[in-house]
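The structure under discussion appears below in the form of structure tokens.
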Amino acid sequence: MGNALAMLLVSDFHTGLLPLTMLFMVGTIVIVGGVHLAMQWARRQGPHGVRLLWTRIVLMLLVLVAAGAFAGPRLFPREPKVVRAGDLIKLVSVDMWVDSISMFEDKVRIRFKYRNLSDDPVDAFNVHFVLKDRKGAEIIDQDLCLDSHMEGGETQSWTEVYWATCPQDFTAAEWRALTHRDIDDFEVTWVPHGLAFADGRVVL
């Protein structure tokens with residue numbers, strides 16, 4: 001019997017359900033027994049004893065509630081909420097337009113408008129930008145570093161310029177898609193993954 005109980009305790013070690021159940025049972029027995037003895041004492045004392053008992057019970061409950069409210073956060077602290085760069089920088093809108101430089105070459109400008117959702121000023125942030133067509137083919141996939149100072153709650157814009165001969169190595173089909181389609185024809189992915197506050201704090 002002892003070995004079986006020991007094995008049960010060991011097997012339940014990671015979940016803790018068995019010790020918790022045993023503690024609850026023992027506590028219930030103690031409370032019920034204590035209430036029973038207190039009621040017997042109060043009946044022997046008469047009406048005054050019953051009122052005194054209920055007064056003590058109410059006071060005890062108030063003390064327990066106050067102690068729980070005071071000690072609870074210290075004994076069981078809440079896990080701090082993890083804040084990430086994507087929670088603080090929101091993409092507001094995206095615009096795109098094409099400029100003709102010559103009869104042989106165009107350039108595409110994509111303007112991102114974004115807002116600092118935090119209350120603190122931001123000096124810079126990194127963002128992963130992906131542009132896909134309706135069929136899911138990637139036209140642009142790159143990381144941008146936006147190093148413009150932005151106050152808390154402020155909205156700013158950033159314009160990225162793409163050339164047909166730029167290092168991104170657009171294929172003829174990709175460049176044709178950029179220069180002949182509206183930005184609404186694409187799927188835009190905007191994922192901030194690093195942020196530097198003006199006071200030196202960094203959020204990933």
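The values are calculated or read from the model by the stated rules, or taken from the named source; none is laboratory data. It should be emphasised that the depicted structure is a prediction, and the values quoted were computed from it without experimental measurement. We place every Cβ from the backbone using ideal geometry, glycine too, and count neighbours over all the protein chains shown.
Could you please give the count of residues in region 183-199 that are out of contact with any Asp or Glu (no Cβ under 8 Å at 6 or more places or on another chain) and either outside the structural domain of Phe112 (by TED's automatic domain parsing) or of a type in the set (Asp, Glu) (or both)? Residues that pass the stated criteria total 1. Every listed requirement among (1) closer than 18 Å to Asp182 by Cβ; (2) not in a loop (DSSP other than H, G, I, E, B) is met by Cys145 save one, (1).
Just wondering, is there one or more residues in region 168-178 that are under 30 Å from Val203 (Cα atoms) and not small (Gly, Ala, Ser)? There is at least one residue in region 168-178 that is under 30 Å from Val203 (Cα atoms) and not small (Gly, Ala, Ser). Without any contact (Cβ under 8 Å) to a residue 60 or more places away in the chain and either assigned to a loop (DSSP other than H, G, I, E, B) or under 25 Å from Gly200 (Cα atoms) (or both) - does that describe any residue in region 120-132? No: region 120-132 contains no residue that is without any contact (Cβ under 8 Å) to a residue 60 or more places away in the chain and either assigned to a loop (DSSP other than H, G, I, E, B) or under 25 Å from Gly200 (Cα atoms) (or both). Within region 146-161, can one find any residue that is surrounded by 13 or more Cβ atoms within 10 Å (Cβ to Cβ), in the same structural domain as Arg181 (by TED's automatic domain parsing) and over 30 Å from Ala198 (Cβ atoms)? Checked region 146-161: no residue is surrounded by 13 or more Cβ atoms within 10 Å (Cβ to Cβ), in the same structural domain as Arg181 (by TED's automatic domain parsing) and over 30 Å from Ala198 (Cβ atoms).
Mind telling me which of the residues Lys135, Lys107 ends up being farther than 30 Å from Val83 by Cβ and in a strand (DSSP E or B)? Of the residues listed, the single one that is farther than 30 Å from Val83 by Cβ and in a strand (DSSP E or B) is Lys107. From the list Arg51, Arg74, Arg109, Arg43, the lone residue that is loosely packed, with under 15 Cβ neighbours inside 10 Å, basic (Lys, Arg) and modelled with pLDDT of 75 or more is Arg109.
A count restricted to region 126-145 and to residues that are surrounded by 13 or more Cβ atoms within 10 Å (Cβ to Cβ) and among the acidic types (Asp, Glu) stands at 1.
Checking the structure you have, find out if any residue of region 159-167 is in a helix (DSSP H, G or I) and without any contact (Cβ under 8 Å) to a residue 60 or more places away in the chain. No, that holds for no residue. For Ala173, the conditions (1) loosely packed, with under 14 Cβ neighbours inside 10 Å; (2) in contact with a strand residue (DSSP E or B) (Cβ under 6 Å, 6 or more places away or on another chain); (3) aliphatic (A, V, I, L, M) all hold with the exception of (2).
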